[in-house]
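Visitor: Handing you a structure now.
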Amino acid sequence: MAEQLQKKLQGELEKYQQLQKDLSKTVTARQKLEAQLTENNIVKEELELLDATNTIFKLIGPVLVKQDMEEAKATVGKRLDYITGEIKRYEQQMQELERRAEQQRELLGRLQQDFQRAQGKGAAGKT
């Protein structure tokens, strides 16, 4: 009985560790999006300071290409919308992973208690 519980406990522990890895990856991805959001907000602010006489260039590979002011503003606006949406999606994913990890922690606690009881019964029966 104790051996069976130990195998189940090990399997559930592996699931919990995978949830923690997934959560860590999600947090890292969200942090990258936050950095991109900050960067794009700075670009948006800089574009607002310019007027029609200024020339805007866009870096495409190793080449700077002239770009229309309104097109640049629209592109940055769309990018900000996309990044904001992705951040919200990652936040929901993080909440779900945290919820599942908490449930897994509770299950591991119960299994560990059952395993310890089974070990205690096994040791008491041998004496």
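Visitor: So which aspartates and glutamates pass the test for Lys7, namely a Cα distance under 20 Å, with those fewer than 8 places away in the same chain ruled out?
Guide: Glu106, Asp114
Visitor: Evaluate the relative contact order of the chain (contact order divided by residue number), counting alpha-carbon pairs under 8 angstrom at least 6 apart; express in whole percent.
Guide: 45
Visitor: With only alpha-carbon atoms in the gyration tensor, what are the semi-axes of the equivalent ellipsoid for the chain, in Å, largest first? Intermediate results must be reported in sequence, preceding the final value.
Guide: Numbers: eigenvalues 656, 29, 14 Å².
Here the semi-axes work out to 57, 12, 8 Å.
Visitor: Okay, next question. Need the list of lysines near Lys73 for cross-linking: C-alpha distance under 27 angstrom, and skip anything on the same chain fewer than eight residues off.
Guide: Output for Lys73: Lys32, Lys44, Lys58, Lys88.
Visitor: Under the 0.36 nm per residue contour assumption, what length would be gained going from the current alpha-carbon distance of Asp114 and Asn54 to full extension?
Guide: Details: separation 60, 0.36 × 60 = 21.60 nm, distance 7.20 nm.
Extra length available between Asp114 and Asn54 comes to 14.4 nm.
Visitor: Rounded to the nearest 0.05, what FRET efficiency is calculated for Ile42 and Leu107 with R0 set to 30 Å and r the Cβ-Cβ distance? Please list the in-between numbers first.
Guide: Values: r = 45 Å, r/R0 = 1.51.
According to the calculation, E is roughly 0.10.
Visitor: Still on this structure, I have one more. So for the pair Ala74, Glu86, with labels modelled 7 Å out along Cα→Cβ, what separation do we get in nm?
Guide: Taking the simple label geometry, Ala74 and Glu86 are separated by 2.2 nm.
Visitor: Moving on. Calculate, for Ser24 and Glu96, the FRET efficiency according to 1/(1 + (r/R0)^6) with r their C-beta to C-beta distance and R0 22 Å; round to the nearest 0.05.
Guide: That pair, Ser24 with Glu96, gives E of 0.90.
Visitor: Given a 1.4 angstrom probe, what's the average accessible area per residue across the chain, in square angstrom? Spell out each step's value before the answer.
Guide: Values: 9540 Å² over 127 residues.
I get 75 Å² per residue for this part.
Visitor: Quick check: net charge around Leu19, other residues with Cβ under 12 Å of its Cβ, Lys/Arg +1 and Asp/Glu -1? Don't skip to the answer; put the middle values down first.
Guide: On the way: positive: Lys15, Lys21, Lys25, Arg99, Arg100, Arg105; negative: Glu12, Glu14, Asp22, Glu96, Glu98, Glu102.
Result for the neighbourhood of Leu19: 0.
Visitor: Run down the aspartates and glutamates and flag those whose C-alpha is under 15 Å from the C-alpha of Lys121, throwing out any fewer than 8 positions away in its chain.
Guide: Those aspartates and glutamates meeting the cut-off are Glu3.
Visitor: Also, I was wondering about something else. Would you work out what percent of the accessible area of segment 1-45, with all protein chains in place, is carbon or sulfur (probe 1.4 Å)? Intermediate values should be presented prior to the final figure.
Guide: Working: 1690 of 3330 Å².
Exposed carbon and sulfur together represent 51 percent of the surface.
The values are calculated or read from the model by the stated rules, or taken from the named source; none is laboratory data. Predicted, not measured: the structure shown is a model, and the values here were computed from it. In this analysis, Cβ positions are derived from the backbone assuming ideal geometry, glycine residues included, and neighbour counts consider all displayed protein chains. When the accessible area is computed, the model is the full protein with side chains, heavy atoms only, and any ligands, DNA or RNA have been set aside. Shrake-Rupley method; radii C 1.70, N 1.55, O 1.52, S 1.80 Å.
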